[in-house]
1. Given (1) aliphatic (A, V, I, L, M); (2) over 38 Å from the mean Cα position of the chain (by Cα); (3) surrounded by 14 or more Cβ atoms within 10 Å (Cβ to Cβ); (4) within 30 Å of ASP395 (Cα to Cα), identify the lone condition not met by ALA275.
2. With the structure loaded, tell me whether ASP287 is surrounded by fewer than 17 Cβ atoms within 10 Å (Cβ to Cβ) and over 30 Å from GLN377 (Cα atoms) or whether it fails that test.
3. Condition check: closer than 30 Å to ILE212 by Cβ, open to solvent by 70 Å² or more (accessible area, probe 1.4 Å) and in contact with a helix residue (DSSP H, G or I) (Cβ under 6 Å, 6 or more places away or on another chain). Does ARG507 satisfy that?
4. When you check GLU606 against the structure, is it modelled with pLDDT under 80, surrounded by fewer than 13 Cβ atoms within 10 Å (Cβ to Cβ) and among the acidic types (Asp, Glu), yes or no?
5. For segment 67-101, name all the residues that are at pLDDT 75 or above, touching a Leu at 6+ places or on another chain (Cβ under 9 Å) and not hydroxyl-bearing (Ser, Thr, Tyr).
6. Could you list, in sequence order, the residues of segment 243-272 that are closer than 15 Å to TRP392 by Cα, open to solvent by less than 60 Å² (accessible area, probe 1.4 Å) and in a loop (DSSP other than H, G, I, E, B)?
7. Can you name the residue in segment 331-340 that is in contact (Cβ under 8 Å) with a residue 40 or more places away in the chain and buried (at least 16 other Cβ atoms within 10 Å of the Cβ) and, of all such residues, is farthest from ARG276 (Cα to Cα)?
8. Does ASP438 meet the test of being modelled with pLDDT under 95 and within 25 Å of PHE223 (Cα to Cα)?
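The values are calculated or read from the model by the stated rules, or taken from the named source; none is laboratory data. Bear in mind the structure is a predicted one, so any value in this text is a computation, not a measurement. Reconstructed Cβ throughout: ideal geometry from the backbone, glycine too, with neighbour counts over all protein chains shown. Keep in mind that these areas ignore ligands, DNA and RNA; they rest on the heavy atoms of the full protein, side chains included. Shrake-Rupley method; radii C 1.70, N 1.55, O 1.52, S 1.80 Å.
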Amino acid sequence: MLQKIRQKTQGWFAWVIIALIAVVFVFWGMSGSLLGASEEVVVKVNGNKITTQDLQLTYERLAQQQQLAQLLSGIEQPTINEAMLRNQALQALVHEHVLSKQAEKQGFAISREQVDSLLVMMPQFQINGEFSPQQYEQVIRQLHFTPSSFRDAVKDEMLITQAESSLTDSIFLLPYQINNAVALVNQSRDIQYVIFNGKDFKKNVKVTDENIKAYYNSHQSEFMTEEKIDIAYVMLDKSKIENTVKTAIQPSDKELDEYYQVHISGYATPERRSARHILISVSPNADKAEKAAAKQEADAIAEQARNSASFAELAQEYSMDTGSASRGGDLGYFARGEMVPAFEEAVFAAQKDEIVGPVQTEFGYHVIYIEDIEPSQAPAFAEVKEDLQAQWYSDQIDEQFEHQLAELDQMAFENPDELNILAQAFDVPVQEIVITSDLENNPALVQNPRVLTAIATEPVLIQRQNSDLVRVSDNQAMILRVTEHELPELKPFDEVRAQAREGLVERQGLILAREKAKSIIEQFAAGMSANSIATEENFTWDAEKGLNRHNFEVPYEVVQAAFSVPYPGESVITAMDIFPDQIVIVVINGIQAGELDKDFATEMLEEFKTGLAQFKARRDYSFYLSEAKEEADIKFKGEQADE
């Protein structure tokens, strides 16, 4: 169950954390810690103090990402590997201070405006497409941030990212590096291989009751009852208040007209312009001389056009845009957002019948004639009255729904161990649902990552309190609580004896397969040929000539094993487990260096170069971090961070 829950929640936790280190906005004057704990100094980085309080907060943020899986695992073990996680938290704090200081030394800076401008665009803090201070506060509170500490953390992260980008974006590759990488990636090998299946050795396995009981005792996780969590919840649905709002509120024509005036831009058709152009194309990678020649040609054509020459005829004669040249350069009507920015800016800044340019874009130089302007037009109030009324009602419903959710959240906070009061107040039922170990087959509601995350919090799962408001979707939100948590229990031995025996026999079969593989490798090392070993041990090798890393016709583990060891110039042997009960033995008899495939498409080559550059960038950034730590003055007190 642990692994299944990790798969369900890890993506959403990562999503939240990434969002939180990418944006921030402060609406409140709050500052300081949520804990108010000790201020003992754990480490100083360049004179800046990292306290036990800082460490505890960072530890709890990391712990929350693991909490769902650990709390629901049902296995008798510490909830979290505290020492390892605390060390990770300490390392993260040290790295943050080191890298932010290094970025400042290099002249990088992040303004308040840069930080603030990002938040309003982030869907994680929006409701119905609009930034919600309440949603923002709830999310950061769940991760143990205050608005001020959140802002500081995000500003540092943006500063570090800015410095990292300057380093990684400047990565370039020399031809020999690309050639060496191609030779390695496209390398092929001549191999022989055999796969032994543990099941084939089961007939040779003898086990006693004592062996079976020992297996049962050492593999108890295989013999547990199903874990179950009973959830009670109340759900508010936006659709349920639609009829109430439409019955209770009737907008007057005056109110609708005022609404129309405020939202008129949403009903107006956009301004459109009709233009012709003459393109003198030039590659963005062209040298200065080529660009200058293209610009000079475009200047000359623009001069002819302004001297009363027929623009359409000039386009037919000179334009390199094959799509429009035959039509006299006619591009038809278009609105903003349909052309490349520089072209669009020039067109919409000009007057009718004006000739502008040359305008440079990624395609070359454009001479443009503004043939017509079709102004923005708003429909009359009467034409859109029905649409206005529908939108007005939609806004009212949204407002009422948000008001209800705020009341629900507050009531759940004031009554942390009670759902019936909430259900009565909002005239909705208390519903029940069960989560089992079989996560994939649970109802869709409890597969929602936000719902799983809410269940995982300590107040809900351990203290049995109401959750914070959980937004299941744009139209639904809920308060939930855990009413029962039935942990897995070990089944009696007599009940699972046959299952334990089968598990033991399969395990012993794999051990025998491994022993056979070990014997084959020892015989090969002693000088016996692969074919002689096969004859002696009564098996047959499969052979592959010119096996490359991209071969999908043989098992992946065979390819992995074949390329896992260097080739010293003579045959070499290796082995690898194939989950769950097989082992592969591979003999490498020859090797051929890879070359750039003539059929290797240009875009594939570019993707390869990009991947290689990213690998080099990660390596260089690792060196950058190491050098920054060496230059930094880091003094630990009390707790130590393992390097």
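1. (4)
2. When the stated conditions are applied, ASP287 passes them.
3. No: the conditions fail for ARG507.
4. Taking the combined requirement at face value, the residue satisfies it.
5. Matches in segment 67-101: LEU85, ARG86, GLN88, ALA89, LEU90, ALA92, LEU93, HIS95, VAL98, LEU99.
6. Matches in segment 243-272: ILE249, PRO251, SER252, TYR267.
7. In this case the residue turns out to be PHE334.
8. The answer is yes for ASP438.
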